[in-house]
Amino acid sequence: MTQATVLLDPTAELSPVKRPRLARPASLEGRRFGLLDINKARGDVYLDRIEALLVARGNKVNRYRKPRFSILAPTELKQQIAAQCDIAVEALAD
């Protein structure tokens, strides 16, 4: 029997919205990647390495950064990433 996977949104929603998981792309080839630095120490070091690996494989990479790690990404930033990228990677580091 298969168990359903439940993903929880860690924000302070009083009534969490259920969102279906997005389908994974069949291939990463030629995809536009967005790398989001949440603005914690050394997150940029991690993303530098990820960017180098992605670029070496011929992918396009855009970099983004939150104003502060302690706040949610501004709506405009999330919309920009969604419009400019196929796949997003968020860096958490200390």
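The values are calculated or read from the model by the stated rules, or taken from the named source; none is laboratory data. Nothing here was measured: the structure is a model prediction, and the numbers come from that model. Because the Cβ atoms are built from the backbone with ideal geometry, glycine has one as well, and the counts that use them run over all protein chains shown. SASA here: full protein model, heavy atoms, side chains in, ligands and nucleic acids out. Shrake-Rupley method; radii C 1.70, N 1.55, O 1.52, S 1.80 Å.
Per residue, the accessible area of the chain comes to 81 Å² when a 1.4 Å probe rolls over the protein heavy atoms. In this simple spin-label approximation, residue 89 and residue 17 carry label points 7 Å from Cα along the Cα→Cβ vector, and these lie 2.7 nm apart.
Please give me, ordered by residue number, the GluC sites (Glu not before Pro) of region 10-71 that lie in loop per DSSP and have at most 15 other Cβ atoms within 10 Å. The qualifying sites are 13, 29.
Here the label points at residue 49 and residue 78, each 7 Å from Cα along the C-beta direction, are separated by 2.9 nm in the simple model.
Here the ratio of the Cα radius of gyration of the chain to 2.2 N^0.38 Å is 1.22.
Taking a straight line from the alpha carbon of residue 40, these lysines sit under 27 Å away, with near neighbours fewer than eight places off in the same chain left out: 60, 66, 78. Which longest run of the chain has no exposed loop site in it, a site being trypsin sites (Lys or Arg not before Pro) in a DSSP loop with at most 13 other beta carbons within 10 Å, and the site itself not part of the run? Within the chain, the longest run free of exposed trypsin sites (Lys or Arg not before Pro) spans 69-94. Carbon-plus-sulfur fraction of the accessible area of the chain, 1.4 Å probe, in percent? C and S atoms contribute 55 percent here. Each helix, a run of at least 4 DSSP H residues, gives -39500 (n - 2.57); summed and divided by the residues of the chain, these come to -8000 deg cm²/dmol at 222 nm.
Placing pseudo-labels 7 Å out from each Cα toward the beta carbon at residue 4 and residue 41 gives an inter-label distance of 4.2 nm. Under 10 Å from the Cβ of residue 64, count the other residues' Cβ atoms, weight Lys and Arg +1, Asp and Glu -1, and hand me the total. Net charge around residue 64: +2.
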